[in-house]
Structure formats: structure tokens, C-alpha cells
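Encoded as C-alpha cells, the structure appears first; notes follow it.
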């Protein structure tokens, strides 16, 4: 179904080769320990400011944050500070603080794609080099070294292509969106919206954000159930929201999954979610690869060696799992 997340990357416009992959608005420092990284001349640690979304947002984000903390450690030659928020303005404030602190590298997983031109320009002017991860922002490419990302548009299109192949007579869809404006939401929503526009038998019963939250997704689904509207697909933009939606179905005695009345679709590849697919309780789970730190480390090593970074956008290799073809081996290899 897909190439292992741990072994392969692809670059937009070409092949990147093989890399071994590792593994609130508060600022902290952390230690851990993988091999890699180099100290600056004179034995000084390389200063890095890492801006991420809340690690409690999802299993994907927890794995992503853990990967970063285990890579950018003193043992690996780094003095790392971490800042977390799901609000763009708070992330930008953290970026400005890191720049004032004089960090050499600024690593950013943006909460929203907009608003980053000024902080990235300020970083450039201060001699701080920016590397984006997880998400690209709406800013000129000259303002950052590279972006190590998932192709969220491709994730959405893969999911919609799979749903199309199910050949339902009518698609009545509960669409539960993630945080509005995030790259994951934009990509996973875009493909579905295009399919609804292009097909008369595709209908959105409801399209509403649950901000990645299971309880909110459950409430949205329960509201549709209470309204009496017919639906046969739940397209949830992450695993937690899919789990919340399923909780509402279970409470109402509505069948779902492989032999049920409602198709369940999630994203991220949490191990527990893949087990739901394996059990036939869910139909589909799209992969989103959180293990980006070692690729960022390779970029920094190149920069520290005075080498040019030629690939602007490095895309993680990703696939999907469905209830007809998933195996335990796949779960062991790809679950997060």
C-alpha cells in the first residue's frame, strides 16, 4: 500500500535519496540523544529555536515533537529552545523572541500559512536561517532554506480517489475539518470540495471544524444524527476526530466500517487507528509522516559544512491503509 515511513523521502521535482528517519505558548529547553549534529567551532552548541503546535493536539503531533526533542539535544551538539502554540500570532511572537535571542536556526511548524513574511524576513536580516517543517507557509521561498513537509494536497486527493473507488450510488458526507487555515486542513478539504463540486451524487451533509478535537467531532456527528439527516460517509481530517465521530455512531447504534452502514475515514496513522481499520471498524486511514527531524538535521549539517541546500521542498513519502488490504506487518511498520 505504501513505502515505509522510516526509509524513504521524495523531493518535489525529483528524488531525494534514502535517509534514516528517527523514530501553551511556553518556551523550554530539552535534552535527549540520537547520533548526528555537529558543534560549532570552539565547541559551542548550535542554537536552535523550534516552534511547533501543541504536542497534545494529536498522536501525530506527539510523535513529531518527540522526534524533534530526541534529535536536537546537547549530545548532538545543539542548544534547543521549544515554543508551542496552535495560535499563529503566538507562534510569530515566539519566533521574534527566538530571533532576538540570536538563535542560528529557526525551525517552524506554522499554525497557519499566512502572516509569516515579516518574521521570516526579520530572521533573515538577523542572520538566522529558517527551516520549515510539517507545513509550508505563504511566504517567498527566498525567506527560508527549505521545507520538510507532507504533501497535504496529495493526502486529500489519495483519500478522495479511494472514496470514489467505493462506487456508492450517493455520497452523503459528514465532513469534520481540522484547524481552519492549517496546511493539513486546506489540503484534505480541497480534494473533497473539488469532488463534491464535480459530482452531482456527492453531498456535504455538514462541513464543520472540530479543531482536531474528538469531543467536538462527537458533538458535530451527534447533531447530524439528532437532525435525522441521512449520511453514509464520515470524512474526518484526523484520527482523533474520526474516533469522536464513531463514538456518536456507537451511542446511537449506527453500524460503521467494513460491514456497516457508514464509511469511516481518518488521517495520521496512529497505531490505535490502524488497529480500528484492521478490525473493520474503520474503512480508511491516510498516512501523515511525523518523523522529519533527521532530514532537518541533514540540512543543518550541510549548512554547517558550507554546502548549498538545493532542494527547496522535501516531501515525506506517504500512503494509506484500508480495511480490505491492511496487515499487522503494515501496522507494525507504519503506526505512530
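The values are calculated or read from the model by the stated rules, or taken from the named source; none is laboratory data. Note that this is a predicted model, so its numbers are computed, not measured. Virtual Cβ from ideal backbone geometry, glycine too; neighbours counted across all protein chains shown.
Do we have any residue at all in the stretch 139-157 that's in contact with a helix residue (DSSP H, G or I) (Cβ under 6 Å, 6 or more places away or on another chain), crowded, with 22+ Cβ neighbours inside 10 Å, farther than 17 Å from residue 287 by Cβ and assigned by TED's automatic domain parsing to the domain that holds residue 283? The answer is no; no qualifying residue exists. Of all residues in the stretch 227-251, exactly one satisfies the criterion of being part of a helix (DSSP H, G or I), farther than 28 Å from residue 61 by Cα and in contact with a helix residue (DSSP H, G or I) (Cβ under 9 Å, 6 or more places away or on another chain), namely 251.
Residues of the stretch 44-56 that are in a loop (DSSP other than H, G, I, E, B) and surrounded by fewer than 24 Cβ atoms within 10 Å (Cβ to Cβ): 44, 45, 54, 55, 56. Of the helices (runs of 4 or more DSSP H) lying entirely inside the stretch 72-170, the ones with 3 or more residues being under 21 Å from residue 57 (Cα atoms) are found at 88-101, 152-165. Filtering 254, 264 for residues that are in a loop (DSSP other than H, G, I, E, B), touching a strand residue (DSSP E or B) at 6+ places or on another chain (Cβ under 8 Å) and within 18 Å of residue 218 (Cβ to Cβ) leaves a single hit, 254. Residues that are under 14 Å from residue 313 (Cβ atoms) and modelled with pLDDT under 95 were ranked within the stretch 114-137; the one that is surrounded by the most Cβ atoms within 10 Å (Cβ to Cβ) is 134. Applying the set (1) more than 25 Å from the chain's Cα centre (by Cα); (2) surrounded by 15 or more Cβ atoms within 10 Å (Cβ to Cβ) to residue 280 leaves exactly one unmet item: (1). The single condition among (1) closer than 22 Å to residue 150 by Cα; (2) outside any strand (DSSP E or B) that residue 285 does not satisfy is (2).
With respect to the conditions (1) at pLDDT below 95; (2) touching a strand residue (DSSP E or B) at 6+ places or on another chain (Cβ under 7 Å), residue 181 falls short on a single one, namely (2). If you check 183, 195 for being in contact with a helix residue (DSSP H, G or I) (Cβ under 6 Å, 6 or more places away or on another chain) and over 17 Å from residue 316 (Cα atoms), only one passes: 195.
Name the single residue that is surrounded by the most Cβ atoms within 10 Å (Cβ to Cβ) among those in the stretch 202-226 being out of contact with any strand residue (DSSP E or B) (no Cβ under 6 Å at 6 or more places or on another chain) and outside any helix (DSSP H, G or I). Ranking the candidates gives 212 first. The set of residues in the stretch 292-325 being part of a loop (DSSP other than H, G, I, E, B) and either crowded, with 22+ Cβ neighbours inside 10 Å or in contact with a strand residue (DSSP E or B) (Cβ under 8 Å, 6 or more places away or on another chain) (or both) consists of 292, 309, 311, 312, 317, 318, 319, 323.
Restricting attention to the stretch 78-109, the residues that are buried (at least 21 other Cβ atoms within 10 Å of the Cβ) and touching a strand residue (DSSP E or B) at 6+ places or on another chain (Cβ under 8 Å) add up to 16.
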